[in-house]
Every structure is written in structure tokens, then in C-alpha cells.
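Notes follow once the structure below has been shown.
The values are calculated or read from the model by the stated rules, or taken from the named source; none is laboratory data. Predicted model, so just to flag it, every value in this text is computed and none were measured. Backbone-built Cβ (ideal geometry, glycine too); neighbour counts: all protein chains shown.
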Amino acid sequence: MLMCHSNTIISSVISQLSCPKSAVQLAAVSALANWALLLLKHAESNAKAADLGRSSREEVASALLHHLKETRDFSEYNEPTKIRLLQTIGTLMWGDAAVIEVAKGCDVVATVSRIKDTLVDESGRAIARDIMGMAGEM
């Protein structure tokens, strides 16, 4: 059932990132992080997924990055939410050239750089640098 309605679910969860309540933002990005990990594990165990056309990872990455591109001020997110956002982006991009190309098309480097600029935690900044490295920009 989850896979049948994934676009609707993902869109609904992503829209919750705009909620002013930090607990809702963290819950939404945690759900997205779990979804990204589920998709990564599925892709790793299902080599034939490439035959299905545009992957779910590409669609989720595109939807999330388009939403984040519209975000004016990442300082409205708390530190754990920003770190989880970066973890989610990194998980979606991990080891998939097609997703990396989609992310580049959504200007992932600029978005991640904007998030990184608002981070205090060095581990979050390191994740941002890793993402920028995956995108071929440092």
C-alpha cells in the first residue's frame, strides 16, 4: 500500500516541513529519512529496478529538493532537523548516478550550501561537504 501511494504520501510529508512547529518538522524529515533508507535498501536488493524507468529515489529527491529550493530561511529549522535533512539528501543520492544528476538539476549544491551556512554542528557540516562532493562540487 505504501508503494502504491508513495507520491501522495511523500508530497504530504514534504509539505509538513513548512509547518512552524519544530517537532512537526523533525517528524516529517525523520519520516523522509526512513523512506530514503527504505528506497536505498530496496534498490540495493533489486538490481532490476533500473528497468522500471525513473526511480522512486529520483522522484523523492526531486520533490524534496524543489521544496527546499523554495525555502527562504533555513534558520527556521532547528539543528537536528537540518542535520536530518542533509542525511536524507545524502541517503537518496548515495551510489546512484541518476539521482545525483536529478539532484544537480535541482541545484543541490546551492541548497545544501545554504543549509550548511546555518549549521553550528560540525557533523552536519561534514555531511553537507559529503553531499557537495557527491555532486562533484567542493
**Request:** Being under 22 Å from Ala63 (Cβ atoms) and charged (D, E, K, R) is the filter; apply it to the range 104-136 and report the residue that is surrounded by the most Cβ atoms within 10 Å (Cβ to Cβ).
**Result:** Lys116
**Request:** Identify, by number, the condition in (1) aliphatic (A, V, I, L, M); (2) assigned to a helix (DSSP H, G or I); (3) modelled with pLDDT under 95 that Met3 doesn't meet.
**Result:** (2)
**Residue check, Ala61 at pLDDT 90 or above and either closer than 20 Å to Ala135 by Cβ or of a type in the set (Asp, Glu) (or both)** = yes
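Inside the range 53-66, can you point out the residues that are surrounded by fewer than 15 Cβ atoms within 10 Å (Cβ to Cβ) and over 12 Å from the mean Cα position of the chain (by Cα)?
If the condition is that a residue be surrounded by fewer than 15 Cβ atoms within 10 Å (Cβ to Cβ) and over 12 Å from the mean Cα position of the chain (by Cα), then Gly53, Arg54 are the ones that fit.
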**Request:** Would you be able to tell me the number of residues in the range 67-103 that are surrounded by fewer than 20 Cβ atoms within 10 Å (Cβ to Cβ), of a type in the set (Lys, Arg) and under 15 Å from Gln25 (Cβ atoms)?
**Result:** 1
**Asked** Got a sec? Which helices (runs of 4 or more DSSP H) wholly within the range 7-108 have at least 3 residues that are small (Gly, Ala, Ser)?
**Response** 22-45, 56-70, 97-105
**Item:** Glu76 free of Cβ contacts under 8 Å to residues at least 24 places away in the same chain and acidic (Asp, Glu)
**Value:** no
